Amino acid sequence: MSAPEQVVTRFAPSPTGTLHVGNIRTALLNWLFALRHGGRFMLRMDDTDAERSTGAFADSIVADLDWLGMRPEAMVRQSDRDALYEAAFERLRAAGRVYPAYETAQELDLKRKVLASRRLPPIYDRAALALTDEDRARLEADGVRPHWRFRLDHDAQIMWDDLVRGPQSLDPALLSDPVIRRADGSWLYMMPSAVDDIDMGVTHVVRGEDHVTNTGMQVQIFSALGAVPPAFAHVALLTGDEGKLSKRLGSLGCDAFREAGIEPAAVAALLARIGTSLPVEPIADPAVLAETLDFGRFGRAPARFDFDELAAVNARIVHQLPFVAVADRLPAGMDAAAWNAVCGNLTTVADAGAWWTVISGEIAVVAEGDRGFLAAAAETAEGIDWGADPWHALTAALKAATGVKGRALFHPLRLALTGQDSGPDMAALLPMIGRERAVARLQAAADG
Ligand code: GLU
């Protein structure tokens, strides 16, 4: 058991799909909260749904977390922990907190429809609790296998102090007793999650507000198992630019981020801050994001996720990346000097490739303005000293020779030398482009 003061968080995805931006945010907040408190961040695969869970999805979740740099200290799989759930189930059963129920899905559906037609909430009527031993024996003799419900205690209001939402209070009589085990013996999410949170020593459960009702029920499961519930932080969900994008958000994940050249640090910088009263800033250091993480500053309204905002944060993160962080993603031969010269003009690391071509490869030169001026530029470029500061040497000599100055001097040179209308500081680029290439490009522009 961990010491009570040590923070333990967990990210508990169901491996029934790849991670999407909503789960990535949940993972991030759990990871940052543990980081902030020097605690432990754990990964738990909620794979009790054997039909929909796959090893391939579990692998992709592990790989995505790794790419995001959110490394869990340990990973457990619910499918490995059956004995633990069985023991908890028996304990609850002995305490009269679980009971068998025999209704079919169709019968339950009908009950809900009847309630709806009377404008009543769809709360399970606990008919199974009224069955006698004989009723049950008869049903089982007919081959009906029961599923199992957790009996909520209706006598006490469910309460917790949510780190995001403040004091919460739910009336258990307004909730259906949750089904915790299927007729085939398999587990539903509700009980294993609480059992694992106890067993793993989880102190803080950070998740989306779609789990608030589950939390109400789980608070009672924790107590029924003799445990103090962890602290809860239920964050408001994400929305897209417009309602219709919610579907898109559900499929937006690390593959789309990687494809768009988004850095993991940009994902973290944005997702740590949207929906909070703190500004989104291009903070590349997770320790800084962790220090400023404060659930008290999360709003209750849905947080708006905007891909353009992510791209903008990404560009500002890319500008800060040191060469060592990107070296293995740059074209062969591109060195620190070249990276440092161009990184401030990039929106993605991959864009560096185009500038490396400008520096060291073949480009289509663009000729603007007077051909005579460009010819003079080519000639001047031949004669200057390339050792120190060729850009200033070239422009000063050309200005003296032609009388051209300002934009009319600089812009045609930039276009001819780089093929681009704008870009990194020419004083940094030109020494790397080098004399031979520069003269050839200026000549080609003059001839073009
Ligand atoms: N497997 C659940 C989900 O993905 C976990 C919820 C929780 O954090 O307990 O929604």
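The values are calculated or read from the model by the stated rules, or taken from the named source; none is laboratory data. Note that this is a predicted model, so its numbers are computed, not measured. We place every Cβ from the backbone using ideal geometry, glycine too, and count neighbours over all the protein chains shown.
Could you list, in sequence order, the residues of the stretch 1-14 that are within 14 Å of the ligand (Cβ to nearest atom), more than 14 Å from the chain's Cα centre (by Cα) and part of a loop (DSSP other than H, G, I, E, B)?
The one that is within 14 Å of the ligand (Cβ to nearest atom), more than 14 Å from the chain's Cα centre (by Cα) and part of a loop (DSSP other than H, G, I, E, B): Ser14.
Does Leu92 count as within 30 Å of the chain's Cα centre (by Cα), at pLDDT 95 or above and in a helix (DSSP H, G or I)?
No.
The residues of the stretch 261-307 that are assigned to a helix (DSSP H, G or I) and under 20 Å from Asp210 (Cβ atoms), listed by number, are Leu271, Phe295.
Residues that are closer than 30 Å to Asp294 by Cβ and assigned to a helix (DSSP H, G or I) do occur in the stretch 54-61, at least one of them. The residue pairs whose first member lies in the stretch 198-210 and is within 16 Å of Phe295 (Cβ to Cβ), whose second member is within 13 Å of the ligand (Cβ to nearest atom) and modelled with pLDDT under 95, and whose beta carbons are closer than 6 Å, counting only pairs six or more residues apart or on different chains, are Gly208/Leu237. Within the stretch 213-254, the set of residues being within 15 Å of the ligand (Cβ to nearest atom), modelled with pLDDT of 95 or more, within 21 Å of the chain's Cα centre (by Cα) and not in a loop (DSSP other than H, G, I, E, B) comprises Phe232, Ala233, His234, Val235. I'd like to check something: does the stretch 109-122 contain any residue that is surrounded by fewer than 18 Cβ atoms within 10 Å (Cβ to Cβ), touching a residue at least 24 places away in the same chain (Cβ under 8 Å) and closer than 19 Å to Arg151 by Cα? Among the residues of the stretch 109-122, at least one is surrounded by fewer than 18 Cβ atoms within 10 Å (Cβ to Cβ), touching a residue at least 24 places away in the same chain (Cβ under 8 Å) and closer than 19 Å to Arg151 by Cα, which makes the answer yes. Report whether or not Pro172 is under 17 Å from Phe222 (Cα atoms), away from the ligand (no atom under 16 Å from the Cβ) and without any contact (Cβ under 8 Å) to a residue 60 or more places away in the chain. So Pro172 fits the description; yes. If the condition is being in contact with a Pro (Cβ under 8 Å, 6 or more places away or on another chain) and exposed (fewer than 11 other Cβ atoms within 10 Å of the Cβ), then the stretch 158-174 contributes only Asp161. Inclusion of Arg36 among residues that are out of contact with any Lys or Arg (no Cβ under 6 Å at 6 or more places or on another chain), over 16 Å from Val62 (Cβ atoms) and crowded, with 21+ Cβ neighbours inside 10 Å is not warranted. When Asp196 is tested against the conditions (1) in contact with a His (Cβ under 8 Å, 6 or more places away or on another chain); (2) more than 30 Å from Asp306 (Cβ to Cβ); (3) within 12 Å of the ligand (Cβ to nearest atom), the lone failure is (1).
Restricting attention to the stretch 199-212, report how many residues are farther than 20 Å from His37 by Cβ and away from the ligand (no atom under 12 Å from the Cβ).
Qualifying residue count for the region: 1.
Here Ile262 meets the list (1) among the β-branched types (Val, Ile, Thr); (2) more than 30 Å from Ala88 (Cβ to Cβ); (3) within 13 Å of the ligand (Cβ to nearest atom) almost entirely, failing just condition (3). Among residues of the stretch 63-80 that are closer than 17 Å to Leu32 by Cα and in a loop (DSSP other than H, G, I, E, B), those with a Cβ under 8 angstrom from a residue that is basic (Lys, Arg) and modelled with pLDDT of 95 or more, sequence gap 6+ or separate chain, pair up as Glu73/Arg40. In the stretch 179-188, the qualifying residues are those that are under 30 Å from the mean Cα position of the chain (by Cα) and buried (at least 19 other Cβ atoms within 10 Å of the Cβ), and the one that is farthest from Met45 (Cα to Cα) is Ile180. Looking at the stretch 15-57, which of the residues that are touching a strand residue (DSSP E or B) at 6+ places or on another chain (Cβ under 8 Å) and hydroxyl-bearing (Ser, Thr, Tyr) is nearest to the ligand (Cβ to nearest atom)? Ranking the qualifying residues of the stretch 15-57, first place goes to Thr26.
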